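A short write-up of the structure that comes next.
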Amino acid sequence: MPVNVIIHVSLIFFVVYLLVSSTSNAEGFEIESQDVRRSEFPDNFLFGTAVSSYQVEGGYLEDGKGLSNWDVFTHIPGNIKNNENGDDADDDYHLFLEDAEIAQSLGVNAYRFSISWARILPRGRFGEVNPGGIKFYNKIIDNLLLRGIEPFLTIHHFDLPQELEDRYGAWLSPLMQDDFLLLAETCFKSFGDRVKYWTTINEPNMFAEMSYVRGLYPPAHCSPPFGNCSVGNADIEPLIVVHNMLLAHGKAVKLYRERFQSKQGGSIGLVVHLHMYEPLRDVESDRQAVNRALAFTGGWVLDPLVFGDYPPEMRQYHRSELPRFSSEETEYMRGSIDFIGLNHYSTLYAKDCIHSPCVLGGDHFIRGFTFTTGERDGILIGEPTGVERFYVVPRGMEKIVDHVSKRYNNMPIYVTENGYCPPLTEAAPNLLHDVNRINFYNGYLAALSRAIRKGADVRGYFAWSLMDNFEWAGGYSSTFGLYYVDRLTMNRTPKLSAKWFQHFLANRSSARFNRQRFVNRTPKSGRVRKSKYIVIATTNANATDV
């Protein structure tokens, strides 16, 4: 089909055309509903975008900030793709006012961001509070509120003062609980009069997986068969790390409820990363493997916070290394969340490793004696993306929300991250004309809407991410943003998906979203340069702008 014909066709027809005319070995994008509307969600529903401190801020040694674990880790050659780092990241430290304006232009009513621990307490409890860090986050919070945007604040999102790692091994030590409690208290005192949505820790299970099983995040601990690090024990250390993180969370929530919540009127939760799983084979053992996979990932974190102990599925295969909570700890751990923060991107197949031989560590306790994969009989479970094991499987959103809702007594849920990264081989024009990202959001939001109609108490959704940023070990090559960021100039350019998201939040049907309207129109005269670093455009840029 000629391009000059395609650009005059509605976006949905264009997407369907691409899907039907392309060949793929995946089960592909699911398009059960390509006309999802804002009105399908509750009126008071939070719609926002999400970022985290190290991934966007930059300014890594400015205004009293100390060295973080990521500052140190990224400067060791070979740790990060292309040896990139977050020294500048997206320069959000200097450009946040402009980024808040971008978020407002999308029509969001919430914005999820995190605190840089090393910016607030550069040396943890071994030093003083940094007033420059407090000032920076006060500026963020006040500006968001002036724009009618709710701050949704994460206290700890992977980055921590390097001094705590050097002194006692950070999360491997119970001493870390007291350091986190000080950080949380400092945040409640400094920001709690305006912040009404708190999450204590982002993805303890993913942090343990990447830092202490696979060794790809600092402090880079691992052991065979998961990796060949110089130090670590992948069967034991993740259990210790998550246990300390959960106890730190529980203590922080206890403090918040006893001293701050009644006066400040906020709510507090924790964020967990969860894949959905489907049985690899139509056999009971693989269906049980699905249950174990869910319990040994999400249940590992959430069961103690709701019920006061680790999942029965973990206790059933208990080894002495799986920690236990004291009666006092159980008391303050049980019910220690007001809501669940859910980061969901993809779905995988699960295969039993108790009664079947497995490879790649599936026969280990830390994996729940389950092998997970995105492929069955040579066919992928969904369209591949630019991130390993992240496949596009919209039905998984409905299934995982349904699972979490049923397991945890329909507790309120916020989908705190969900987004799409294109394959790294995708041609440059598609970075801005990101039809696949639009299709991703259409499918996943439609699935989320179905889960809500079935009764799940979902109260918010955050697109990851507002802009392309530093994606941890992947550096800047993984692009999840609604906005493209030029690494040389720091200019922000809206992708087609940004226009779609704006269109969606204005409650205009995606079926009427016309690609030509945003791709091929004459720019208005109101193209405003906000600073030497950033350009906020009123129209979508041409592909050559990349």
Can you tell which of Phe325, Phe390, Phe339 is aromatic (Phe, Trp, Tyr), open to solvent by 20 Å² or more (accessible area, probe 1.4 Å) and touching a Gly at 6+ places or on another chain (Cβ under 8 Å)?
Phe325
Scan segment 68-86 and report the pairs whose first residue is farther than 21 Å from Leu121 by Cα and whose second residue is of a type in the set (A, V, I, L, M) and at pLDDT 95 or above, with Cβ atoms within less than 7 Å and a gap of 6+ or a chain change.
Ile80/Ala473; Lys81/Ala473
Restricting attention to segment 290-303, does a residue exist that is open to solvent by 50 Å² or more (accessible area, probe 1.4 Å) and not hydroxyl-bearing (Ser, Thr, Tyr)?
yes
What is the number of the single condition among (1) surrounded by fewer than 16 Cβ atoms within 10 Å (Cβ to Cβ); (2) in contact with an Asp or Glu (Cβ under 7 Å, 6 or more places away or on another chain); (3) over 21 Å from Cys358 (Cβ atoms) that Glu258 does not meet?
(2)
Can you tell me which residue is farthest from Pro384 (Cα to Cα) among those in segment 435-455 that are open to solvent by 10 Å² or more (accessible area, probe 1.4 Å) and touching a strand residue (DSSP E or B) at 6+ places or on another chain (Cβ under 9 Å)?
Ile452
For residues that are buried (at least 23 other Cβ atoms within 10 Å of the Cβ) and either out of contact with any helix residue (DSSP H, G or I) (no Cβ under 8 Å at 6 or more places or on another chain) or part of a helix (DSSP H, G or I) (or both), tally how many sit in segment 145-161.
2
Subset of segment 472-505, residues among the charged types (D, E, K, R), surrounded by 21 or more Cβ atoms within 10 Å (Cβ to Cβ) and closer than 22 Å to Gly59 by Cα, comes to Arg492
Expected output for segment 327-339 (first residue within 17 Å of Pro311 (Cα to Cα), partner at pLDDT below 95 and surrounded by 15 or more Cβ atoms within 10 Å (Cβ to Cβ), Cβ below 6 Å, 6+ apart or cross-chain) is none
Give all pairs with beta carbons closer than 7 Å in which a residue from segment 290-316 that is at positive phi meets a residue that is open to solvent by 10 Å² or more (accessible area, probe 1.4 Å); count only pairs at least 6 apart in sequence or on separate chains.
Gly308/Phe325; Gly308/Thr330; Gly308/Arg334
For residues that are in contact with a Ser or Thr (Cβ under 6 Å, 6 or more places away or on another chain) and outside any helix (DSSP H, G or I), scanning just segment 425-461, find the one that is farthest from Leu496 (Cα to Cα).
Ala456
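The values are calculated or read from the model by the stated rules, or taken from the named source; none is laboratory data. As the structure is a computational prediction, the values presented were derived from the model and not from experiment. With ideal geometry, Cβ positions are generated from the backbone for all residues, glycine too; neighbour counts draw on all protein chains shown. We work out accessible area using only protein heavy atoms, side chains counted, and drop any ligands, DNA or RNA first. Shrake-Rupley method; radii C 1.70, N 1.55, O 1.52, S 1.80 Å.
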